[in-house]
1. Mind ordering 273-281, 151-159, 187-195 by average Cβ neighbours within 10 Å, highest first?
2. By the scheme Lys and Arg +1, Asp and Glu -1, what is the net charge of all other residues having a beta-carbon under 15 Å from that of Thr264?
3. Given a 1.4 angstrom probe, what's the average accessible area per residue across the stretch 1-132, in square angstrom?
4. Of the heavy-atom accessible surface of the chain (probe 1.4 angstrom), what whole percent is carbon and sulfur?
5. Could you give the accessible area per residue of the stretch 422-569, probe 1.4 Å, as a whole number in Å²?
6. Per DSSP H run of at least 4 residues, take -39500 (n - 2.57); add these up for the chain, divide by its residues and hand me the 222 nm value, nearest 500 deg cm²/dmol.
7. Return the sequence-ordered ³J(HN,Hα) values of the stretch 41-55 in whole Hz as given by the Karplus equation 6.51 cos²θ - 1.76 cosθ + 1.60 applied to θ = phi - 60°, using x for Gly and Pro.
8. As a test question: what accessible area, to the nearest 10 Å², does Ile480 have when a 1.4 Å probe is rolled over all protein chains in place?
Amino acid sequence: MQTVGQQLIITAIPTLPALVFLVLVLTGRLLKENAQYVAILGVTISLVFSVFALLFVAGIVPGGGVPIEFSVNWIDLNQGGSFPMGVYIDGLAAVMLVVVSFVSLMIQLYSGAFMEGDKRFAWFYAVLNLFTASMLGLVLAPNFIQLYVFWELVGLCSYLLVGHWFEKPSARDAAVKAFVVTRIGDAALFVGIIIFWATTGSTAFTDVSEAAQAGFVGGSLLTTAVILVFVGAVGKSAQFPLHVWLPDAMEGPTPVSALIHAATMVAAGVYLVARTYDIFVQSPTAMLVVAYIGGFTALMAATMALVKKDIKRVIAYSTVSQLGYMMLGLGLGSYTAGIFHLYNHAFFKALLFLCAGSIIYAMDSYNLFEMGGLRRRMPITFWAMVIAGISLSGIFPFAGFWSKDAIVASAYEEHYYLLFGMALLTVFLTAFYIFRAIFLAFTGEPRTEPAREATESPGIMTGPMLILAFLAIVSGWVGIPEGFGLPVRDYFSAFVRPSEFAAATLGLEAHAFSFALGGISVAAALLGIGLAYALYVARPEWAGALAARLSWLHTFLDKGWYFDELYGATVVRFAMWLGMATRGFDRNVIGGLVGGVGRGTLGTGGLLQKLQSGGVQAYALFILLSVLIIGVIVGAQYAVMVIGLIALITITAFAVGARL
């Protein structure tokens, strides 16, 4: 049982950034550039309180060692049920709170210089804080309804931030695309929530899980509901086939891209699956769907990143691919490995985007082939990006190695050899495309005048980059397997682990660290780096010749497997036709009916207006005619009655006569 003070501290974690949003909306024009200090103060306090929650759940704070849980009724129903609003913090939520608030703080520090001079500077920081508050509120949610409220707020904030520079048509289109595509997943998630509520009478995660265990929802209905929930996660985490919005979201400011890709929106889908894991494990079919969608997405997105010229889009497809890794781990039952990769990924992916932003800030270009030679002009950015690239590639002993290796090894040890092959191939491709970007940007000679004149970014930008670079090296050390041979403890798996029910249901056995699999994984990554060096440093003419020889494949990958074209020719065209048909029906049928009634009323009024001539004789004639008409109507009624009575008498007489 937590004290009132502790409950206030926990409640303040998402509340403070939300209050900052309100303050900046109301006073942003007065604060102008000073808005960043208010924003940074709010998220810093949230980070401190998040660390307190982590220490409490870990048992370091006196009285801790147990999950933090409390709630109040939000909506009471007449039937006796209710929708509560509350907090649930276990190891998973505690880690996510710290990651979200810390990465948000780094990005807000960085944004002060990157967004300097922006005419909506205060508004940018306001929405950035609402974005952070929404994600923190989502992490704290103990039930589907509360999660869904913050889930939609996250989507709204992404729309506002991706379209921050809405003067650009591409930014407007990207914001709308992200909003519409993710709404598909959101609708599926909502249907899944309704199924759970209708069958179990509750939306709390624990209640739904226990009801499923008791048989209140099971079989195909449970699988359907769970897959619908997963479709919601597919939309937010940009998994196949709803991945098409994320690369276009690069039209937003680079700090926004870092926040979306590292700690907020795309992390929400993975977190949803992990948060509802006790429900997922009760449907083996749904778990396989999660695993294969994740594995396919990881490989597919990696191939798309191979040929991109836009440095931000390379990193964006990397995010899609790495999220596929996380889903693969969760689907295989490697709960801790999937979340461990989410945790490590937040640091090196935020760093990659901040490094890209540093390059863009220096030379105002996204095109890798307009860069070159930046290693000497931007040494801090260069080394930071190399560290992030090594960690992303999964090279020992950097952070990404430990979590990536755990996922790849689990696919092999659980005998999913197809998924293992896909994951291992993705390791090779990942190392190739990220070092292709690094070699193009930083090695060789400058290809353009902006590249020759580029200088290192200011300290307010490089400072957060250096902090994240340090974490990209060491963050994974808290999860070094005990079987690795070092005298260390695997703190992460001891703190973030599936429930006893999930572990028993999956029936998974703990596997010792495999040096052979780890060596194969690192070798695949080194091979990818070596190939990138050969094609873009040692023999750059080979890359051009290869692209020309395989032009059809290059175009296929550059077009993102033509998913946008496919959706444009099918889903989008049908939606446009339906919209036009609906508009035509509304204008011609509904509008015509309403307009016809109006015109008929006006016409009748015009006829009656003519009777108001002011002449007494005309009024007398109208009264006389009205009386005659009424008389005829009444007389006709009586005539009908008399005729009917005579007919009835006649028929009766004939009937009586016939009977006699």
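1. 273-281, 151-159, 187-195
2. Summing Lys/Arg as +1 and Asp/Glu as -1 gives +1.
3. Normalised by residue count, the accessible surface of the stretch 1-132 is 46 Å².
4. 70
5. Averaged over the residues of the stretch 422-569, the accessible area is 52 Å².
6. Value at 222 nm, helices only: -24500 deg cm²/dmol.
7. 4, x, 6, 5, 5, 4, 5, 4, 5, 5, 4, 4, 4, 4, 5
8. About 10 Å², rounded to the nearest 10.
The values are calculated or read from the model by the stated rules, or taken from the named source; none is laboratory data. All values reported here derive from a predicted model rather than from experimental measurement. Every residue, glycine as well, gets a Cβ built from its backbone with ideal geometry; the counts of neighbours run over all protein chains shown. Just so you know, the surface numbers come from the protein's heavy atoms only, side chains and all, with ligands and any DNA or RNA stripped out. Shrake-Rupley method; radii C 1.70, N 1.55, O 1.52, S 1.80 Å.
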